[in-house]
Amino acid sequence: MAELTNLESKLAEVLGLAAAAKGAAEAVRDMLNEDERELAGTLDRMRDQAAETEERCTDVAGGFEGKKTAILEAARETRQEATEMMKTYLAGEGDALDGFEFLTMAEAGEVGHWAIVKALNERARIPSVGELAEWALPIQEEHLAAVREGSLQLASKEDPNETAD
């Protein structure tokens with residue numbers, strides 16, 4: 001398998017994180033109860049944007065001569081690791097606040113990874129990567145703000161004096 005540069009490796013990571021984000025949005029959506037359904041639209045939008053991000057990353061990966069397969073394999077590994085992290089974090093948890101807390105961590109990680117892709121590409125100057133990062137970073141920042149707001153909305157409904165499960 002081809003060796004990846006730092007930039008190609010980070011592209012694989014954001015691709016894998018986007019793939020994992022689709023499943024995370026669906027898993028947290030399933031945790032919503034009837035009183036929390038107003039947050040479903042946010043999760044659906046995030047899932048759809050993650051799918052588009054995955055597609056765009058795959059297209060850009062195809063532009064790296066002889067490296068697409070290696071990038072996609074590294075992306076699969078990242079997706080598996082992120083999915084396992086979600087399963088571990090949410091094991092035994094059933095309420096949406098726990099799900100949104102996980103998404104807050106995950107989205108913060110994606111924002112960081114996209115910022116790194118953008119910074120690496122400032123030296124590499126690969127137009128397709130630059131366009132992708134310019135498109136994706138604001139979306140990830142929006143996702144982080146949305147899950148943070150959702151977390152706070154859910155937390156405001158919690159009884160602070162109730163015993164934690």
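The values are calculated or read from the model by the stated rules, or taken from the named source; none is laboratory data. Predicted model, so just to flag it, every value in this text is computed and none were measured. For neighbour counting, all protein chains shown are included, and Cβ atoms are generated from backbone atoms with ideal geometry for every residue, glycine included.
With respect to (1) hydrophobic (A, V, I, L, M, F, W, C); (2) part of a helix (DSSP H, G or I); (3) modelled with pLDDT under 95, the lone exception for residue 21 is condition (3).
The helices (runs of 4 or more DSSP H) found entirely in the range 27-130 that carry 1 or more residues being in contact with a helix residue (DSSP H, G or I) (Cβ under 6 Å, 6 or more places away or on another chain), surrounded by fewer than 16 Cβ atoms within 10 Å (Cβ to Cβ) and touching a residue at least 60 places away in the same chain (Cβ under 8 Å) are 96-124. Residue pairs whose Cβ atoms lie under 8 Å apart, sitting 6 or more positions apart in sequence or on different chains, and linking a residue in the range 140-160 that is closer than 14 Å to residue 96 by Cβ to a partner that is loosely packed, with under 12 Cβ neighbours inside 10 Å, are 157/35.
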